[in-house]
Structure formats: structure tokens, C-alpha cells
Amino acid sequence: MTPIKECLINKKTDLIPIWLMRQAGRYLPEFREIRKNNPNFVNLCLNSKLSKEITLQPIRRFGFDAAIIFSDILMIPYGLGQKVEFKKNFGPNLADFEINKLLEIDQEKFTKNLSPIYELLVDLKKSEDLQKKDIIGFVGAPWTLLVYMINKVSPKNGLTSNFFSDMGLINDLLKILDKSIKTHIKNQVNAGATIIQIFDSWSGLIKFDFDKYLYDPTLSLVNYTKSLGVPVICFPRGITDYSHFCKIVKPSMINIDYNVDPRNLIKNVDIPIQGGLHPEVLLTNKAHLKKEVNKYLEIFKDHPYVFNLGHGILPETKTEMVEELVKIVRDYK
């Protein structure tokens with residue numbers, strides 16, 4: 001059994017497993033070499049040969065306990081036919097779409113549009129580098145994908161003022177997303193993903209109708225993933241009550257962000273926990289890193305825990321700091 005599965009299924013904490021969100025990518029010099037010659041990010045995600053190499057780079061370098069596929073949550077809007085671009089120093093930029101065309105989308109066509117992602121997983125399953133390691137597939141949660149599809153750009157400065165002006169559109173999109181996200185989950189599991197993580201990167205923007213936008217759609221995906229016999233991790237970043245989320249949604253494991261008080265959380269959550277460390281700690285020094293990492297390890301020493309960050313690793317992170325992080329976690333007794 002893999003270290004993460006042991007934590008998830010047997011609730012054991014003898015060995016603290018470790019992997020990092022966005023571990024495959026921008027902070028690695030070997031990734032930057034590939035990226036230099038492949039400026040189109042969507043095309044890179046759909047190049048199964050290169051995305052396999054990128055997925056394996058941090059495994060070879062750091063020996064993490066899981067590989068997370070090199071892909072993006074916005075591949076789902078792309079698969080549905082909405083044009084998606086990533087602009088340098090700007091981020092994602094999505095085009096307008098016609099809801100009628102999305103409503104007519106055939107799941108076979110959707111699957112074909114994203115087939116290189118599934119080819120990547122099939123290839124990873126055969127990889128010698130991933131023996132006794134998990135392969136994590138992932139999806140964006142319905143709310144976060146809804147935000148990108150309507151907002152068209154990252155909502156770093158909040159949602160567009162007319163975001164909720166067409167509730168018919170929102171309701172249609174939520175139905176389309178539920179169906180298509182489940183197709184994407186099933187295809188990833190069939191191709192070799194051993195765990196699925198659901199990223200709700202912008203759930204902190206939800207101010208009302210939590211059942212409609214957060215709990216109900218995520219629970220639908222969690223139950224579906226579990227029905228496939230695969231554990232599911234949820235990351236509802238920015239919400240104020242993780243314990244309430246866990247009681248309703250019941251993921252196999254909850255990934256916490258860096259604003260969560262871990263001491264308070266373990267009093268109210270009985271499922272395995274992942275994450276928490278602020279990615280900026282990796283930009284400091286080794287002494288401070290050890291202090292902050294040990295804080296989480298001590299708090300969770302009697303609770304099933306997978307070490308991870310409270311958000312994706314930052315591009316300016318030095319590889320020697322990641323090496324030190326892995327060493328601290330491996331040496332912890």
C-alpha cells in the first residue's frame with residue numbers, strides 16, 4: 001500500500017507522506033527549459049510526452065510520495081469548447097461562449113478533446129519512477145470553474161459586477177459542469193489515477209447560497225469519485241469553516257489553506273488532513289523552515305496527516321529549500 005493510501009485508509013501516521021501542490025512546474029529549472037520552447041501552455045498540457053516528463057521531474061529530484069499530473073483545472077472549459085489562453089504576467093484569459101453549444105456538448109467529443117491527459121496517465125502508470133507511489137488526478141470544483149467561465153479572467157480583484165445577472169446561465173453551467181467534471185474524473189481513474197483532488201481555488205469568494213455553490217456540487221463529485229473506488233481530497237481554499245465542510249461533504253481527506261488554525265481544526269475533524277504550510281515559508285531560510293514545518297508535524301503527530309502546502313509552491317522557490325523540506329519531514333520522529 002502506498003504511504004498516502006495507508007494514511008487515508010488505515011489512518012496510520014508512522015510515516016508522514018509528502019507531496020506539494022504545483023510540484024510539477026515553474027520553480028524547477030528543468031521545467032523552465034521545456035517551457036522556454038513551449039510557450040503555449042494549453043498545448044503543453046495536451047502534449048502527453050512532455051507532460052509526462054514534467055510530472056516526473058519533481059519525483060526524480062525530491063522523491064515525493066505522489067505525482068500530481070501536469071495539467072490545469074481550466075482544461076475542462078477547454079474540453080467544452082470555450083477558448084482558453086494563458087498570457088504571460090496576466091494569467092488565464094477565456095473567450096465568450098454560447099450556452100446552447102455547451103448544452104449540446106457530447107461527452108465523447110469532450111473526452112476526445114482531453115484525450116492526451118488520459119494518455120499521460122496511462123503512460124505514468126507504467127513508469128518505474130512511480131512504483132509504490134500514488135498518481136493524483138484532479139479537477140476544478142464547479143464553483144471555481146463557473147467563476148472562470150463567466151468572469152473570463154482570474155477573479156483576483158473580485159467577481160465582475162454582473163456575475164449573478166443571468167441565473168438561468170449559472171444554473172445551466174452548473175449542470176453542464178457536474179456532468180463534464182464527472183466524465184473527466186472517470187476518464188482519469190480509468191487511465192490510472194489512484195487519487196482525485198478537487199480544487200475549489202475561489203470558494204472563499206462565496207458569500208451566500210453555500211449549498212448551491214459549494215456543498216451540493218462538491219458533495220455530488222465526492223460521492224461519484226468514491227463510487228469509483230478511489231479516495232478524494234477536497235481543497236475548498238479560503239472558506240471560513242473547514243470542519244462544517246467536512247461534516248457535509250465527507251471527503252476522504254481535506255486539504256487546508258495556510259489561514260486555517262490547525263490546532264483548532266483537529267478538535268473538530270476526524271478525517272485525514274493534508275497541507276497548511278504557507279508557501280512563502282519556503283522563501284525564508286532553513287532554520288525558519290524547520291521551525292514552521294515541525295509546528296505542523298507536532299500538531300498532527302496523533303492525527304492522520306499528509307504534508308503539503310496551504311497553496312501551490314511559488315515560482316521563486318529555490319530547489320535546495322524543497323530538498324530541506326523533504327529532509328525535515330523524512331527525519332521527523
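The values are calculated or read from the model by the stated rules, or taken from the named source; none is laboratory data. Treat the numbers as computed from the prediction; the structure is a model and nothing was measured. Counting neighbours? That spans all protein chains shown, and the Cβs are built from the backbone with ideal geometry, glycine included.
Of the residues that make up the range 279-291, is at least one part of a loop (DSSP other than H, G, I, E, B) and surrounded by 21 or more Cβ atoms within 10 Å (Cβ to Cβ)?
no
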Exercise for review: Please state which one of V326, V260 is in contact (Cβ under 8 Å) with a residue 12 or more places away in the chain and assigned to a helix (DSSP H, G or I).
Suggested key: V326
Point to revise | Residues of the range 242-251 satisfying the condition of being surrounded by fewer than 22 Cβ atoms within 10 Å (Cβ to Cβ) and part of a loop (DSSP other than H, G, I, E, B) | key: K250
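Please state which one of I196, I185, I176 is buried (at least 17 other Cβ atoms within 10 Å of the Cβ) and outside any helix (DSSP H, G or I).
The unique qualifying residue is I196.
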Study note, to complete from the structure: Of those in the range 156-173 that are modelled with pLDDT of 95 or more and in a loop (DSSP other than H, G, I, E, B), the residue nearest to N93 (Cα to Cα) is F163
Practice item. Scan the range 64-93 for residues that are among the aliphatic types (A, V, I, L, M) and either loosely packed, with under 14 Cβ neighbours inside 10 Å or touching an Asp or Glu at 6+ places or on another chain (Cβ under 8 Å) (or both) and report the count. Key: 2
Practice item. Could you grab me the full set of residues in the range 118-153 that are surrounded by fewer than 20 Cβ atoms within 10 Å (Cβ to Cβ) and either small (G, A, S) or within 30 Å of D166 (Cα to Cα) (or both)? Key: S127, N151, K152, V153
Practice item. Would you mind listing the helices (runs of 4 or more DSSP H) fully within the range 59-125 where at least 2 residues are modelled with pLDDT of 95 or more and hydrophobic (A, V, I, L, M, F, W, C)? Key: 75-79, 115-125
Review point. Has the range 243-255 got any residue that is of a type in the set (G, A, S) and either without any contact (Cβ under 8 Å) to a residue 12 or more places away in the chain or closer than 19 Å to L314 by Cβ (or both)?
Key: no
Review point. Within the range 210-220, is there a residue that is closer than 26 Å to F110 by Cβ, in a helix (DSSP H, G or I) and polar (S, T, N, Q)?
Key: yes
